[in-house]
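Student: Submitted below is the structure of interest, expressed as structure tokens.
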Ligand SMILES: *Cc1c(COP(=O)(O)O)cnc(C)c1O
């Protein structure tokens with residue numbers, strides 16, 4: 001272990017992935033430079049076909065980011081002023097931001113301790129307490145840290161109340177629930193190709209998944225300023241939400257090793273779990289689910305002291321998320337579950353994400369595990 005002492009490790013090792021792919025990324029970028037179709041070039045359609053095949057849906061629409069994917073999905077459903085959209089508070093700002101941008105009202109719901117995902121009990125309370133004149137319209141479930149939310153329970157509530165369900169699978173592309181892939185678990189699903197996500201490009205990117213042909217065609221129109229029959233026929237208000245051809249070419253190369261990477265992330269997660277479960281709370285996958293392990297997040301009361309000691313030992317950690325969205329100033333006036341969001345608030349004080357990527361070798365991981373155990377024991381009185 002001595003050669004690791006005094007070295008600062010990677011939290012997410014994108015260099016190792018690039019070495020694994022050899023010259024293939026450079027070659028793929030070179031081909032785009034040659035053909036010169038930088039906007040909506042052939043690699044974009046090729047990527048969309050590949051993404052749809054992996055997710056097991058009819059349509060994948062590539063776009064400029066995970067945030068644009070969420071925005072375009074809500075635009076396709078014509079979400080706007082007067083509409084309430086239920087979102088977990090324990091998530092990245094983008095999930096609620098798009099609701100506010102469209103003039104609709106995000107309603108913040110608590111999460112479950114075990115899964116970090118939306119609590120259906122809290123969702124029901126938030127729905128029951130919704131004040132006039134807001135009209136409940138949609139639920140955005142987030143697959144936190146790579147684990148799909150409980151779409152069966154969420155769909156039960158949604159169908160009783162006539163709500164739409166959007167899956168924010170920015171962190172979970174590649175994960176499964178009851179044999180089905182993220183992308184096929186809700187009426188529409190969005191994902192992100194931000195570099196640090198399980199499937200990341202070398203810039204911004206995203207995609208939307210659906211089985212509905214009409215939605216897919218609306219999304220394609222929204223992506224190019226609401227275009228109709230051609231570029232100068234405008235049939236709705238849209239955005240510039242296209243994915244660059246170069247990013248599509250990079251993603252096509254990364255997809256060739258993606259399944260193997262997801263399998264290795266699972267091995268890394270299992271090693272953490274078996275060596276840490278006796279001293280901290282470790283993530284547990286509900287029956288029938290797999291995770292894309294965007295993050296490996298432990299829960300412990302001594303979080304800040306342990307993070308401090310790990311940093312001193314050269315081990316990077318991260319806190320996702322240090323505040324619930326309902327605790328952030330721009331979102332603090334929106335409605336919440338009337339019973340409060342106590343799990344979200346406790347998790348923001350206790351979560352700690354450890355280095356997680358498919359190139360984390362066993363020796364390095366053993367070193368990390370040893371340092372985590374030492375730091376927890378040192379700080380636990
Ligand atoms: C990363 C992320 C997004 C936003 O994706 P971008 O590609 O960065 O716009 C949205 N929701 C969640 C839960 C995310 O983790």
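Bear in mind that the values in this text are calculations on the coordinates, not laboratory data. Every value quoted in this text rests on a predicted model; they were computed, and no experiment measured them. Note that each Cβ is placed from the backbone with ideal geometry, even for glycine, and that neighbours are counted across all protein chains shown.
Student: Does residue 47 meet the test of being in contact (Cβ under 8 Å) with a residue 40 or more places away in the chain, within 14 Å of the ligand (Cβ to nearest atom), in contact with a helix residue (DSSP H, G or I) (Cβ under 6 Å, 6 or more places away or on another chain) and within 28 Å of residue 213 (Cβ to Cβ)?
Tutor: No, not satisfied.
Student: So which residues in region 98-134 are in contact with a helix residue (DSSP H, G or I) (Cβ under 8 Å, 6 or more places away or on another chain) and on the phi > 0 side of the Ramachandran plot, if there are any at all?
Tutor: Result: 116, single match.
Student: What are the residues in region 107-142 that are free of Cβ contacts under 8 Å to residues at least 40 places away in the same chain and within 16 Å of the ligand (Cβ to nearest atom), if any?
Tutor: Passing the criteria: 117, 118.
Student: Okay, next question. Within region 165-176, does at least one residue satisfy the condition of being surrounded by fewer than 24 Cβ atoms within 10 Å (Cβ to Cβ) and at positive phi?
Tutor: Within region 165-176 (the criterion being surrounded by fewer than 24 Cβ atoms within 10 Å (Cβ to Cβ) and at positive phi), the answer is no, since none of the residues qualifies.
Student: Let me ask you something else. Being away from the ligand (no atom under 16 Å from the Cβ) and within 22 Å of residue 106 (Cβ to Cβ) is the filter here, so list the residues in region 52-77 that pass it.
Tutor: The answer is 76, 77.
Student: Given the residues 322, 338, which is the only one that is surrounded by fewer than 19 Cβ atoms within 10 Å (Cβ to Cβ), within 23 Å of the chain's Cα centre (by Cα), touching a residue at least 24 places away in the same chain (Cβ under 8 Å) and within 28 Å of residue 89 (Cα to Cα)?
Tutor: Exactly one of 322, 338 is surrounded by fewer than 19 Cβ atoms within 10 Å (Cβ to Cβ), within 23 Å of the chain's Cα centre (by Cα), touching a residue at least 24 places away in the same chain (Cβ under 8 Å) and within 28 Å of residue 89 (Cα to Cα), namely 322.
Student: Now for a separate question. Checking residue 92 against (1) within 16 Å of the ligand (Cβ to nearest atom); (2) surrounded by fewer than 24 Cβ atoms within 10 Å (Cβ to Cβ); (3) outside any loop (DSSP other than H, G, I, E, B), only one condition comes out false. Which one?
Tutor: Tallying (1) within 16 Å of the ligand (Cβ to nearest atom); (2) surrounded by fewer than 24 Cβ atoms within 10 Å (Cβ to Cβ); (3) outside any loop (DSSP other than H, G, I, E, B), residue 92 fails exactly one: (3).
Student: In addition: Go through region 331-369 and give me each residue that's part of a loop (DSSP other than H, G, I, E, B) and under 30 Å from residue 261 (Cα atoms).
Tutor: 355, 356, 357, 358, 359, 360, 361
Student: Can you name every residue in region 299-330 that is within 25 Å of residue 114 (Cβ to Cβ) and assigned to a helix (DSSP H, G or I)?
Tutor: Within region 299-330, 303, 304, 305, 306, 307, 310, 325, 326, 327 qualify.
Student: Something else: Within region 208-230, can one find any residue that is within 14 Å of the ligand (Cβ to nearest atom), within 15 Å of the chain's Cα centre (by Cα) and under 28 Å from residue 244 (Cβ atoms)?
Tutor: Checked against the condition, which is being within 14 Å of the ligand (Cβ to nearest atom), within 15 Å of the chain's Cα centre (by Cα) and under 28 Å from residue 244 (Cβ atoms), region 208-230 yields at least one hit.
Student: Taking the residues in region 183-205 that are within 9 Å of the ligand (Cβ to nearest atom) and more than 16 Å from residue 293 (Cα to Cα) as candidates, determine which candidate is surrounded by the fewest Cβ atoms within 10 Å (Cβ to Cβ).
Tutor: 204
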